[in-house]
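This report concerns only the one structure given below.
The values are calculated or read from the model by the stated rules, or taken from the named source; none is laboratory data. All of these numbers come straight from a predicted model, not from anything done at the bench. For neighbour counting, all protein chains shown are included, and Cβ atoms are generated from backbone atoms with ideal geometry for every residue, glycine included.
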């Protein structure tokens with residue numbers, strides 16, 4: 001089966017995807033997907049070096065020590081020998097014939113046209129095991145700002161509807177939540193204009209952030225928790241931050257709140 005997709009720039013870096021890694025061990029969907037006796041996770045398009053796949057594997061083993069992890073790259077020059085219990089192979093959206101429980105593709109579709117996103121989603125989602133989860137997202141070069149979608153397994157030929165959008169950022173490197181707009185997934189980034197739902201959400205998040213300015217003396221994490229409480233109230237709970245203490249400023253919203 002020939003790989004589906006095309007070679008991307010391959011830019012990567014140590015701990016670049018740490019915000020998504022941390023989130024994954026607390027995500028109910030990810031935890032459920034990895035709940036079997038020997039689940040498989042596939043990282044699509046890990047780039048010029050396998051660092052982020054190896055890091056992801058170490059996080060996923062906190063969820064299930066028996067998880068198997070495979071990194072896929074279309075560029076054969078980037079395929080490295082397996083190490084630290086992780087396999088590497090040539091492959092793309094077709095997942096090299098594998099049927100994983102969890103798939104991640106970060107900073108891959110960002111380099112495609114928006115018109116190509118649906119086919120890529122459909123290809124991956126149709127190859128997931130029942131109950132599987134697809135995490136598709138984008139982050140900046142240092143991993144300080146990160147956005148991703150979750151999608152579920154679907155039959156072949158059906159374009160999956162995302163379940164959620166998550167925004168995660170370092171509390172010290174963004175003036176407003178809307179600073180993450182440039183790292184939105186490809187399906188949303190061109191819709192951040194007045195009249196679109198994603199623009200309305202980011203505008204509301206900025207407003208809540210400004211209204212929570214009185215908490216700034218306690219630090220940006222506490223300020224964001226106050227802002228997120230306001231945001232949840234004003235979206236009837238469709239946008240919410242985690243209740244547990246977290247290192248990142250984190251927000252997860254239902255897809256219906258931001259869908260184009």
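Things worth noting here:
- Residue in the stretch 146-168 that is in a strand (DSSP E or B), crowded, with 22+ Cβ neighbours inside 10 Å and free of Cβ contacts under 8 Å to residues at least 60 places away in the same chain present: yes
- So residue 156, is it in the same structural domain as residue 68 (by the TED database), touching a helix residue (DSSP H, G or I) at 6+ places or on another chain (Cβ under 7 Å) and at pLDDT below 95: yes
- Flag for residue 69 being under 23 Å from residue 121 (Cβ atoms), without any contact (Cβ under 8 Å) to a residue 40 or more places away in the chain, touching a helix residue (DSSP H, G or I) at 6+ places or on another chain (Cβ under 8 Å) and crowded, with 21+ Cβ neighbours inside 10 Å: yes
- In this structure, residue 24 does not qualify as under 17 Å from residue 146 (Cα atoms), touching a strand residue (DSSP E or B) at 6+ places or on another chain (Cβ under 7 Å), touching a residue at least 40 places away in the same chain (Cβ under 8 Å) and surrounded by 21 or more Cβ atoms within 10 Å (Cβ to Cβ).
- The number of residues in the stretch 35-53 being in contact (Cβ under 8 Å) with a residue 60 or more places away in the chain, surrounded by 23 or more Cβ atoms within 10 Å (Cβ to Cβ) and either in a strand (DSSP E or B) or touching a helix residue (DSSP H, G or I) at 6+ places or on another chain (Cβ under 8 Å) (or both) comes to 5.
- Only residues that are within 18 Å of residue 136 (Cβ to Cβ), touching a strand residue (DSSP E or B) at 6+ places or on another chain (Cβ under 6 Å) and assigned to a helix (DSSP H, G or I) were counted across the stretch 57-85, and they come to 1.
- Total residues in the stretch 205-240 satisfying the condition of being over 18 Å from residue 175 (Cβ atoms) and under 20 Å from the mean Cα position of the chain (by Cα): the figure is 3.
- Residues satisfying the stated conditions in the stretch 94-119, i.e. touching a residue at least 60 places away in the same chain (Cβ under 8 Å) and buried (at least 23 other Cβ atoms within 10 Å of the Cβ): 100, 101, 102, 103, 104, 105, 106, 107, 108, 109
- Applying the set (1) out of contact with any strand residue (DSSP E or B) (no Cβ under 7 Å at 6 or more places or on another chain); (2) touching a residue at least 60 places away in the same chain (Cβ under 8 Å); (3) crowded, with 16+ Cβ neighbours inside 10 Å; (4) part of a loop (DSSP other than H, G, I, E, B) to residue 174 leaves exactly one unmet item: (1).
- Output for the stretch 125-145, where each listed residue is surrounded by 20 or more Cβ atoms within 10 Å (Cβ to Cβ) and in a helix (DSSP H, G or I): 125
- Which numbered condition residue 88 fails, given (1) under 21 Å from residue 246 (Cβ atoms); (2) part of a strand (DSSP E or B): (1)
- Of all residues making up the stretch 91-111, the number that are touching a helix residue (DSSP H, G or I) at 6+ places or on another chain (Cβ under 8 Å), assigned to a loop (DSSP other than H, G, I, E, B) and closer than 17 Å to residue 35 by Cα: 1
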